[in-house]
Amino acid sequence: MLEVKHLTKSYQKDRPALTDITFSVEPGNFLAIIGPSGAGKTTILRSLNQLIRDDHGQILLDGSDIRSDNKAQLRKHRRQIGMVFQNYNLVERLTVIENVLHGRLGYKSTFAGMFGIYSEDEKKEALDLLDKVGLKDFALQRCSELSGGQKQRVGIARSLIQHPKVILCDEPIASLDPASSHTVMQLLKDLTVEFNIICVANLHQIDLAKKYADRIVGIRQGKLVFDEESDMLSEEILETLYDQTTSKELK
Amino acid sequence: MSSPIKFLAQKHRKQTAIIAVIGSIYLLSSWILNFDSFSGFTAVPRAFNWLGVNFFPTSASVELLPQIWKKLIETVALAVSSTVVAAIIALFVAILGSKATGINGYVHVVVRGIASFFRNIPLVAWAMILLFSFKQSDFTGFLALLLMTVGYLIRAFMEIIEDEASETMMALKATGASYFQVIFQAVLPQIMPSLISWVLYMIENNVRDATLVGILTGTGIGFVFDLYFKSFRFDAVGMTILAIIIVVITLEVLSNQIRKVIL
Ligand SMILES: Nc1ncnc2c1ncn2[C@@H]1O[C@H](COP(=O)(O)OP(=O)(O)O)[C@@H](O)[C@H]1O
Ligand SMILES: [Mg+2]
């Protein structure tokens, strides 16, 4: 289980980016974080694997706090947390399978990792995962030759080969066309159930969040304004998220 | 509030003013240099005419080709070796100094400062300073080119790393990869095309610059050029220039081909 308690962060003094964020997610669940841009969604997500150092709070993965890790412990925690990015963040010049295998680096010795020496089992698993995300025939293609939707599925395979407990997705479909968006969201949802992992995704399309997520958390100006089952999310609740910011912009 | 029409009129006036300012700067500098524009321009065709007559390679200068060719190869080798060594040093320093992969902000500022220092001392000044310690030798030329190139490449490589590798670095860091794994698996493959492109560009430049340095250090094609020039063998000088031009253009075409393949 992933538990976030009283998470607080400010980049500059007296300008809090996050104030007292608390939520938790069970394995097999898909949580969407929605909110206007600048609300603090990316900051939350990057705190969860400590790419950003937050100021206060607790982040517990199965009871152990990631925030108090030393370097070696953090590396062990990070390999249990996959991450999927808006811009895919692949090494474009390398092949699809090499990018998938990058997900194994956290488990390897520095030397083997530096020179990309992987075991037969790892290579086989990479191929199986590519099959699962529908890219079986693309293993030896350069990533730069793929479409956006295909790149994102390589990113998902890279996170799955980490054998993650959690997958964090920061606007995973913001650069994709509607059809690829649905493919990627469906894939994330199915994998969450199949591998019994926790999926946390920042989204700004509310309809997609409602369709694919089990639960939706709303963030506005660094504060959590609601935490609801996606079926229960009503128009009134959604208004609390956008109403004030829109009216402020209109002034 | 100013209306769009007013804005456009203002913009038009601004542009006219800028052109007027540039014009006056030109006139002012001509006046300072005592440079008469009109006779300056009419002198250009005459100068070319003189060059064409005096510097035209003759059959006697063709006989010098083997010697010119040998020295030219030396010069190209000097440019290539100094650039390659500079690139290796610069890559190492850039990794330590860039905002994305570097040690910290202080190192970043210091590295930028050092790079700027090496870059901004003119090549000729480097060569003259180094002549004191290393006398007239190939090594002096090598070192002068090396220092200047290191200055250029450190800055270029740091910017390439920051622009092109930051995002993939983050992705690999998030998988739990260690620092050296991230450098080797993400940063280096990601920046390789831009890096090679810069090295090729510096080699092209350094072949031209190595000629100049050779005049000072008495080596390579620069030495041959200087020798012919001082003994008034202008046809041989013309032959030398022609050979240099051919080599520089060939290198340019070659490196453009390489770029096309790697990018
Ligand atoms: N590196 C940073 N330095 C300073 N302020 C930042 C930085 N990153 C984000 N912020 C600020 O923190 C707030 C939350 O940003 P972010 O988490 O990126 O929001 P979101 O992902 O919801 O759009 C914004 O006001 C943003 O300007
Ligand atoms: Mg964001």
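Of all residues in the range A:32-49, those that are in a loop (DSSP other than H, G, I, E, B) and either within 13 Å of A:Glu3 (Cα to Cα) or within 10 Å of ligand 2 (Cβ to nearest atom) (or both) total 6. Considering only residues that are over 20 Å from A:Arg142 (Cβ atoms) and among the β-branched types (Val, Ile, Thr), look in the range A:85-121 and name the one that is surrounded by the most Cβ atoms within 10 Å (Cβ to Cβ). Residue satisfying both the conditions and the ranking: A:Thr110. A:Gly63 meets the stated requirement of being more than 9 Å from every other protein chain (Cβ to nearest Cβ) and out of contact with any Gly (no Cβ under 6 Å at 6 or more places or on another chain). Every listed requirement among (1) under 20 Å from A:Val200 (Cα atoms); (2) touching a Ser or Thr at 6+ places or on another chain (Cβ under 6 Å); (3) in a helix (DSSP H, G or I) is met by A:Arg67 save one, (2). For the range A:161-207, enumerate the residues that are under 17 Å from A:Asn29 (Cβ atoms), in a loop (DSSP other than H, G, I, E, B) and either small (Gly, Ala, Ser) or within 14 Å of chain B (Cβ to nearest Cβ) (or both). Residues satisfying the conditions are A:Pro164, A:Lys165, A:Pro172.
Condition check for A:Gln73 on (1) within 12 Å of another protein chain (Cβ to nearest Cβ); (2) in a helix (DSSP H, G or I); (3) surrounded by 18 or more Cβ atoms within 10 Å (Cβ to Cβ): one failure, at (3).
Does A:Phe111 fit the bill of being of a type in the set (Phe, Trp, Tyr) and away from every other protein chain (no Cβ under 14 Å)? Spelling it out, it is not the case that A:Phe111 is of a type in the set (Phe, Trp, Tyr) and away from every other protein chain (no Cβ under 14 Å).
Scanning the range B:180-211 for residues that are more than 7 Å from chain A (Cβ to nearest Cβ) and free of Cβ contacts under 8 Å to residues at least 12 places away in the same chain yields B:Leu188, B:Asn205. Take A:Gly116 and decide whether it is at the interface with chain B (Cβ under 9 Å from one of its Cβ atoms), over 22 Å from A:Pro172 (Cα atoms) and either within 16 Å of ligand 1 (Cβ to nearest atom) or in contact with a Leu (Cβ under 9 Å, 6 or more places away or on another chain) (or both). The answer is yes for A:Gly116.
Inside the range B:46-63, residues that are within 29 Å of the chain's Cα centre (by Cα) and either under 15 Å from B:Leu242 (Cβ atoms) or not aromatic (Phe, Trp, Tyr) (or both) make up a count of 6.
Computed from the coordinates by the stated procedures, all read-outs in this text should not be read as laboratory data. Every value quoted in this text rests on a predicted model; they were computed, and no experiment measured them. Heads up, the Cβs are rebuilt from the backbone with ideal geometry, glycines too, and the neighbour counts pull from every protein chain shown.
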